[in-house]
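Worksheet: one structure, shown below.
The values are calculated or read from the model by the stated rules, or taken from the named source; none is laboratory data. All of these numbers come straight from a predicted model, not from anything done at the bench. Please note: Cβ atoms are built from the backbone with ideal geometry, for glycine as well, and neighbour counts cover all protein chains shown. Side chains are part of the model used for accessible areas, which takes the heavy atoms of the whole protein and leaves out ligands, DNA and RNA. Shrake-Rupley method; radii C 1.70, N 1.55, O 1.52, S 1.80 Å.
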Amino acid sequence: MKPTPSTPHAQPPLLELHDVGKYFRAKQGIFSAGRAGTVRAVDGVSFAIQPGETLALVGESGSGKSTVARLALRLIDASSGRIAFRSTDITTMGESQLRPLRRSMQMVFQDPFASLNPRMNVRQILEEPLIVHKLGDAAERRKRVDALLSLVNLAPWQASRYPHEFSGGQRQRIGIARALALEPELVVLDEPVSALDVSIQAQVVNLLQDLQRRLGLAYLFIAHDLAVVKHMADRVAVMYLGKLMEVAPAHSLFATPRHPYTRMLLSAIPRPDPDYRVARQAVRGELPSPTNPPSGCRFHTRCPFVIDRCRSEVPELLDNTPGHAVACHRVNDIPVALDLTRDTPTPDRTAKRLALYAQRSKDRANTQPG
């Protein structure tokens, strides 16, 4: 697991979201059985990211993670709340005011093939942001492109090739290089490895961590693969149906998850070793409609610990322990979960297996010719 930064947060946050919401008007037939309505994709989300920190945003598909990513970069406008970058309110800034700040905030998209222009070669793709921001002459831009390719472990001679001539992992490296072209402080990573093979995922994750150490980058890391999150994140924020359920340092959240939804997510991580077991959290019911979310706690329709208060009163996201915030009315009533990422071996099965191996070895020895 990535260690928690040891330096205190003496400087102000790089990115802040305060009670941010994003609502979409749904047409008839898209959600809620043919009825029109308002989709509250993000509803009252607040968090901050420090310089050089990785905050992972996790949750099921449809929880609002990618919408938060686009709100943070002002790719879409918020319906409510406030977004600040380096203590400057950017919520209602016009495009001309935002343009200088866009150099400091960049994004790496989930699908590296769809996010790269197939009609441009790599040199043109990496030069484009430099041209848009009027940085350097042709010779300086060429030198910068070569340096960017080397930074992501690609050869400068590959700059003349087109996206379809690269593998998926190489295309994602090109996407990362493009995001770094303007020397940003914050990079939003929208599920950057989910479309890649597992072996390639590890390479890209290691590259991202290396770049963060070398360049001092801050990451907003959107993901659903909790194994990758545990390896990458300093802190983790868990989303469900547009709201934050739990925010904590990664080591604390994985060791002692406090919200029932977080426990459900962690208990669902597959374990490849048959000699290890973990207590599964039962999942009840189906994901509610985003046009008609449940009253009170949005998770109450699937929660095994629900009480009447959960159905009527929205829980606040409050610190249960310093730095570990939970939005749950019963957080102090529910026993602290065991570490769901550190399985406990089942002694009976292990003993039986060892006894079986010993018996087989003894049988083989007895059948050997004298």
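Quick notes on this structure:
- Lone unmet requirement of (1) under 25 Å from the mean Cα position of the chain (by Cα); (2) among the aliphatic types (A, V, I, L, M); (3) open to solvent by less than 20 Å² (accessible area, probe 1.4 Å) for residue 130: (1)
- The set of residues in segment 102-119 that are of a type outside the set (Ser, Thr, Tyr), over 15 Å from residue 72 (Cβ atoms) and within 21 Å of the chain's Cα centre (by Cα) comprises 110, 111, 112, 113, 114.
- Of the residues screened, residue 124 is one that is of a type in the set (S, T, N, Q), in a helix (DSSP H, G or I) and free of Cβ contacts under 8 Å to residues at least 24 places away in the same chain.
- Where helices (runs of 4 or more DSSP H) fall wholly inside segment 210-270, the ranges with 1 or more residues that are more than 18 Å from residue 193 (Cα to Cα) and out of contact with any Leu (no Cβ under 8 Å at 6 or more places or on another chain) are 250-255, 260-267.
- Residue satisfying all of: in segment 114-126; surrounded by 15 or more Cβ atoms within 10 Å (Cβ to Cβ) and at pLDDT below 95; farthest from residue 47 (Cα to Cα) among these: 116
- Members of segment 170-204 that are open to solvent by 10 Å² or more (accessible area, probe 1.4 Å), outside any loop (DSSP other than H, G, I, E, B) and of a type in the set (Gly, Ala, Ser): 199, 202
- Qualifying residue in segment 297-317 (condition: modelled with pLDDT of 85 or more, within 16 Å of residue 261 (Cβ to Cβ), outside any loop (DSSP other than H, G, I, E, B) and in contact with a strand residue (DSSP E or B) (Cβ under 6 Å, 6 or more places away or on another chain)): no
- Residue 209 in contact (Cβ under 8 Å) with a residue 40 or more places away in the chain, under 20 Å from the mean Cα position of the chain (by Cα) and open to solvent by 10 Å² or more (accessible area, probe 1.4 Å): yes
- Residue count for segment 139-175, restricted to those that are under 13 Å from residue 118 (Cα atoms), acidic (Asp, Glu) and touching a Pro at 6+ places or on another chain (Cβ under 7 Å): 0.
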